[in-house]
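The values are calculated or read from the model by the stated rules, or taken from the named source; none is laboratory data. These numbers come from a predicted model, not from an experiment. Virtual Cβ from ideal backbone geometry, glycine too; neighbours counted across all protein chains shown. Please note that ligands, DNA and RNA were not included when accessible areas were found on the heavy atoms of the full protein model with its side chains. Shrake-Rupley method; radii C 1.70, N 1.55, O 1.52, S 1.80 Å.
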Amino acid sequence: MTGAEIQAPLIQGGHVRYANLDYGASAPALSVVSAYLNEILPFYASVHRGAGYASQISTSVYENARTIVRGFVGGRDDDSVIFTRNTTDSLNLLAGCLPVSDGKHTGEVLYLDIEHHANLLPWQNVPHRSVVAAPTLTATVERLRGQLALGGISLLAVTGASNVTGEILPIRALAALAHEYGARIVVDAAQLAPHRRIDIAADDVDYLAFSGHKLYAPFGAGVLVGRPDWLDAGTPHLAGGGAVSDARLDTVSWTTGPARHEAGSPNVLGAATLARASQVIAALDEEQWHAHENAIRSFLVEGLQRIDGVTVHQIFADTEPGAGTIGVVNFSVAGYDAGLVAAYLSAEHGIGLRDGRFCAHPLIRRLGLPSGSLRASFGLGSRLEDAQRLLAGIQELRRAGLGWDYVVDAGRWVPANDTRSYPHWAPNTPGTAGAAPCSLDQA
């Protein structure tokens, strides 16, 4: 991993290797990907409309990235591969391509209440139905069946793995269920793709979205892969150059294929590095890959459960440990605001994890955590030592309390009288970033 040995300054003095337990937000870049970026960067130029040498190379790299990504997810030969800004952008794009007849949508979108906002909010602008997940995954699937059986559903939108708890949904079974009742399925694979093999042809998934920044690639590019008919008939995601076959002063003829939704200059380096990262992931030994992650997760969950006052959260009572989860653990510490615990772990132990509501507000509320919780997430570059340090930090908090004074600054907990500095090239404003919009409950 690029940056695997960076040193984090401690509030009490000294430095420690940064323990990155926030892969679920953005994973560090693979060293191979960083090296690839440095290799292609000198040839970076505009794509598709340049006759120059660098433009031709950049175009080749960009278009080849589609082929690589299609293969990575087991796409069908005719599946469109559209590069976007991120998973959220991909799902908003698909929302603009839902079938319409006589100016009206021909069906509703069905989704669960456990979804990340990326797979929740886009569907609120179109006809939709939501389903409250049951206490078990088995019963939840039956609730979805009941809604599908009522008819009128054109698309089932589901997460591949919860960004809050790491629990995996049965994608193949849900795809079969959707098709049984004449609907299509889209999978938000932002969390699933970095942790599990995906084969949309074998699983009969119609659409899949994920992001490079969670797949060990920089720049945050996203991708939507799926059946072309809806995409070729849908409203172009952006109106602009490259998306048209002909334009006049007050009329336009839109093209089809990926270009229809990729107006303007694309994120060439983002697409290229996403594709390179997917090649590395595809080459992993699956047994070793999963064993590494499961060992860390099991160690962390068991350790947290042994600490008095700590609760590990999950959605479904029948989730199978290991096979049914990815490298995400959600927990809370009694008597402490989640943001305060995160600030303490960062300042006093050099640990980075996520606190808040994880852009999944309905789920966090139903878990009984209106002000949020803590999420440790990990992956390829994670070490058992990182989990050990987290457990030691929580144990120390429960035993001795905070070792420093903390205050709320711009909506986030920060150490009082913090004299630590950032690198010389970074703005030294640690207390002014403010709380993320998904961190604090406004209800």
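With angles folded into 0 to 90 degrees, how steeply does helix 268-282 sit against the dominant principal axis of the chain? Use alpha carbons for both and round to 10.
70
Within region 224-293, list the trypsin sites (Lys or Arg not before Pro) lying in a DSSP loop whose Cβ has at most 11 other Cβ atoms in a 10 Å radius.
Answer by residue number: 248.
Expressed in nm², what is the orientationally averaged projection area of the convex hull enclosing the Cα positions of the chain?
Reported value for the Cα convex hull: 22.9 nm².
From largest accessible area down, sort 359, 97; use a 1.4 Å probe on the protein chains.
Correct descending sequence by accessible area is 359, 97.
With the cut-off at 1.5 for a/c, could you classify region 199-259 from its C-alpha gyration tensor as rounded, prolate or oblate?
oblate
In the full protein assembly as shown, how much of residue 117 is accessible to a 1.4 Å probe, in Å² to the nearest 10?
Here the residue's solvent-accessible area equals roughly 30 Å².
Roll a 1.4 angstrom probe over the protein heavy atoms and tell me the percent of accessible area of the chain that is carbon or sulfur. Intermediate results must be reported in sequence, preceding the final value.
Numbers: 9880 of 18840 Å².
Roughly 52 percent, rounded to a whole number.
Among 283, 208, 247, whose Cα lies farthest out toward the positive end of the dipole of region 174-324, if unit charges sit on the beta carbon of Lys, Arg (+1) and Asp, Glu (-1)?
The one lying farthest along the dipole's positive direction is 247.
Take the alpha carbon atoms of region 113-172, find their center, do the same for region 1-67, and report the distance between the two centers in whole angstrom.
Computed from Cα coordinates, the inter-centre distance equals 33 Å.
Hey, what number do you get for the chain at 222 nm if only DSSP H runs of n ≥ 4 count, each worth -39500 (n - 2.57), divided across all residues, to the nearest 500?
Helix-only estimate at 222 nm: -10000 deg cm²/dmol.
For region 280-399, what is the accessible area per residue in Å² when the probe is 1.4 Å? Mind dumping the intermediate values first?
Details: 4620 Å² over 120 residues.
On a per-residue basis, region 280-399 sits at 38 Å².
At a 1.4 Å probe radius, which order do 265, 377, 34 fall into by accessible area, largest first?
265, 34, 377
Mind jotting down the three principal axis lengths of region 187-314 based on Cα atoms? Whole angstrom, largest first.
Per principal axis, max minus min of the Cα coordinates gives 69, 35, 30 Å.
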